[in-house]
Amino acid sequence: MTIDSLVRPNIKALKPYRAARHDHVSGVLLDANENSFGSALSFEGLELNRYPDPYQLELRSKLGLLYGVQSENVFLGVGSDEAIDLLIRIFCEPASDSILVIEPTYGMYRVAAGINNVAVRSVLLTDDFQIDLPATLKALKPRTKIVFCCSPNNPTANVLRREDILTLCNQANALVVVDEAYLDFADSPSLADRVGSVSNLVVLRTLSKAWGLAGIRLGCAIADPDIISLMLKIKAPYNINALTSAEASKALENRALIKRTTAAIVAERGRLYGALRTIPYIRQVYPSDANFLLIRCDDASVVYSRLAQKGIIVRDRSSEPKLANCLRITVGTPEQNDLLIKAMKELTP
Ligand SMILES: Cc1ncc(COP(=O)(O)O)c(C=O)c1O
């Protein structure tokens, strides 16, 4: 299998838009119909009247350093959600190709496919929320172009077995996208170290979780340079704005701080896990490799609404396959977790 054989013919043939800033970033810039007089906003010396760098070379190399890959292995997106959408658009022919999701999992894979009129095939995780390899391999059809694996998986919170993902990469005539949005909270290595040797593997990372930067919208795809080139070819020319880029660059200097807050979240996760396990109407608290816990209650909808009445909002995942009566709870600050534990102990559904 070659990646080229999976790409939609119209994407291969596409002549990408060439924006002004692809060609010039300095000089007397009268080429992009920007406002030469300046902007209504000044922010830390940034030239906000100018379109931002379409290639994002500096930031891509910084994220490459963070994730242990070269800058040509890195695509930057408006959150990893943008990468999910672009991958579907590159590889899946509307009304004819499909993606495969391993459910219950993050809902955007299904939605992004739906928006693009791409069919969704689905297979269930095993009862211990791992990949059911025989069922997953069987569910792959000739027109299945992408398999999405979320590890740690949202909402089940566990890391998927690395060997299973690599077996999928090896056996599937499709792209295997491993969404590692929550990996910073896990004690497991990233699969990013395999993109050099596994040509159909794409790893997604995001600054929205451990880095606490959901508001600036920055995520990345890590893959073989051929896949990255295709993503760069079809993205909107200026997808990453100048403010996001500048703030992300600064944030990346704070690695030690992020390590400390991640450790604090993991410690709170352990405390919350212990406390929730003592509550009689909670039947199960699942182990977590992420910044949230999945719990199974006697009656999740009652717990959900009673907590909401007290102003504590969690996510009801009960309608997902295998997750009857399950709630997903994000680990909060120690104070927020105290409030949650107190409220949950007081509930007698
Ligand atoms: C598994 C998973 N992937 C991706 C995302 C979206 O990340 P981003 O903010 O980078 O778009 C989320 C957000 O909740 C998520 O749970």
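For the stretch 195-209, give me the residue count where each residue is modelled with pLDDT of 95 or more, assigned to a loop (DSSP other than H, G, I, E, B), within 10 Å of residue 224 (Cα to Cα) and in contact with a helix residue (DSSP H, G or I) (Cβ under 9 Å, 6 or more places away or on another chain). Reasoning before the result, please.
Start the filter on the stretch 195-209 by keeping residues that are modelled with pLDDT of 95 or more, which leaves 195, 197-209.
Subsequent filtering for residues that are assigned to a loop (DSSP other than H, G, I, E, B) retains 195, 197-200, 207-209.
Checking which are within 10 Å of residue 224 (Cα to Cα) leaves us with 195, 197-200.
Within this subset, residues satisfying the condition of being in contact with a helix residue (DSSP H, G or I) (Cβ under 9 Å, 6 or more places away or on another chain) are 195, 198-200.
Here the count works out to 4.
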Filter the stretch 205-255 for residues that are buried (at least 16 other Cβ atoms within 10 Å of the Cβ), among the hydrophobic types (A, V, I, L, M, F, W, C) and without any contact (Cβ under 8 Å) to a residue 40 or more places away in the chain and give the result.
-> 213, 216
Residue list for the stretch 71-119, restricted to those being among the aliphatic types (A, V, I, L, M) and within 11 Å of the ligand (Cβ to nearest atom) = 76, 78, 83, 84, 108, 112
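Based on this model, can you work out whether residue 101 counts as farther than 22 Å from residue 147 by Cα, of a type in the set (Val, Ile, Thr) and at pLDDT 95 or above? Give the steps one after another, and end with the answer.
Numbers: farther than 22 Å from residue 147 by Cα: no; of a type in the set (Val, Ile, Thr): yes; at pLDDT 95 or above: yes.
In short, no.
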Can you find even one residue in the stretch 289-309 that is closer than 18 Å to residue 107 by Cβ, free of Cβ contacts under 8 Å to residues at least 40 places away in the same chain and in a helix (DSSP H, G or I)?
-> yes
Of all the residues that make up the stretch 148-193, how many are under 18 Å from the mean Cα position of the chain (by Cα), more than 16 Å from residue 221 (Cα to Cα) and part of a helix (DSSP H, G or I)?
-> 3
Every listed condition ((1) within 16 Å of the ligand (Cβ to nearest atom); (2) in a strand (DSSP E or B)) holds for residue 145 save (1)
Within the stretch 58-101, the residues that are within 29 Å of residue 137 (Cα to Cα) and either in a strand (DSSP E or B) or without any contact (Cβ under 8 Å) to a residue 12 or more places away in the chain (or both) are 74, 75, 98, 99, 100, 101
Filtering the stretch 1-60 for residues that are modelled with pLDDT of 95 or more, among the aliphatic types (A, V, I, L, M) and surrounded by 10 or more Cβ atoms within 10 Å (Cβ to Cβ) leaves a count of 6
Spot the failing condition for residue 226; the list is (1) within 16 Å of the ligand (Cβ to nearest atom); (2) on the phi < 0 side of the Ramachandran plot, and only one is missed.
-> (1)
If we keep just the residues of the stretch 163-194 that are farther than 18 Å from residue 152 by Cα and surrounded by 24 or more Cβ atoms within 10 Å (Cβ to Cβ), which is farthest from the ligand (Cβ to nearest atom)?
-> 174
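The values are calculated or read from the model by the stated rules, or taken from the named source; none is laboratory data. It should be emphasised that the depicted structure is a prediction, and the values quoted were computed from it without experimental measurement. Every residue, glycine among them, receives a Cβ derived from its backbone with ideal geometry; neighbour counts consider all protein chains shown.
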